[in-house]
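The values are calculated or read from the model by the stated rules, or taken from the named source; none is laboratory data. These numbers come from a predicted model, not from an experiment. As a convention, Cβ positions derive from the backbone with ideal geometry for all residues, glycine included, and neighbour counts pool all protein chains shown.
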Amino acid sequence: MALRGLCATRTAHRSSVALLEVWQTSPQGFYDVQDPSMTPMSLSRNFTTGSDGAFFVRTVRPLIYQIPTDGPVGDLLKGDGSRVVASGAHALHGECHGL
């Protein structure tokens with residue numbers, strides 16, 4: 001699986017360099033913050049874009065994961081009968097500078 005993109009402003013000005021943080025779930029379907037046996041931040045990485053703001057990250061396809069049910073989100077999901085699993089996804093956070 002590949003994640004490819006371009007960091008730019010809403011008016012399409014490309015970022016010169018951007019920091020990307022990428023997270024994904026474990027084979028057991030948990031983020032590291034959900035499983036105390038996992039090393040913190042073990043399934044996340046920081047990347048920087050190229051000078052043109054472009055990025056390409058090769059990774060594995062994430063699995064479905066369990067939504068935590070011990071807090072308010074769990075109460076909402078249980079209250080309306082929703083499923084407490086979510087399809088696998090990568091979480092990305094980007095921070096663009098130099099615009």
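Which of the residues that make up region 51-68 are surrounded by 12 or more Cβ atoms within 10 Å (Cβ to Cβ), touching a residue at least 24 places away in the same chain (Cβ under 8 Å) and assigned to a loop (DSSP other than H, G, I, E, B)? Within region 51-68, ASP52, GLY53, THR59, PRO62, LEU63, ILE64, PRO68 qualify. Across region 23-37, the number of residues qualifying as outside any helix (DSSP H, G or I) and either touching a strand residue (DSSP E or B) at 6+ places or on another chain (Cβ under 6 Å) or not hydroxyl-bearing (Ser, Thr, Tyr) (or both) comes to 9.
Quick check, is GLN34 touching a residue at least 60 places away in the same chain (Cβ under 8 Å) and surrounded by 15 or more Cβ atoms within 10 Å (Cβ to Cβ)? Break it down stepwise before answering.
Working: touching a residue at least 60 places away in the same chain (Cβ under 8 Å): no; surrounded by 15 or more Cβ atoms within 10 Å (Cβ to Cβ): yes.
No.
Tally up the residues in region 51-76 that are polar (S, T, N, Q) and closer than 12 Å to HIS90 by Cα, please.
So the count comes out to 1.
The criterion of being part of a loop (DSSP other than H, G, I, E, B) and at pLDDT 90 or above does not hold for SER42.
Those residues that are part of a loop (DSSP other than H, G, I, E, B), buried (at least 16 other Cβ atoms within 10 Å of the Cβ) and not small (Gly, Ala, Ser), I need them from region 1-22; list them, please. Across region 1-22, the qualifying residue is only CYS7. Could you tell me whether any residue of region 69-92 is β-branched (Val, Ile, Thr), in contact with a strand residue (DSSP E or B) (Cβ under 7 Å, 6 or more places away or on another chain), modelled with pLDDT of 85 or more and part of a strand (DSSP E or B)? No, that holds for no residue.
Somewhere in region 3-11, is a residue in contact with a Ser or Thr (Cβ under 7 Å, 6 or more places away or on another chain), touching a residue at least 40 places away in the same chain (Cβ under 8 Å) and charged (D, E, K, R)? Checked against the condition, which is being in contact with a Ser or Thr (Cβ under 7 Å, 6 or more places away or on another chain), touching a residue at least 40 places away in the same chain (Cβ under 8 Å) and charged (D, E, K, R), region 3-11 yields no hits at all.
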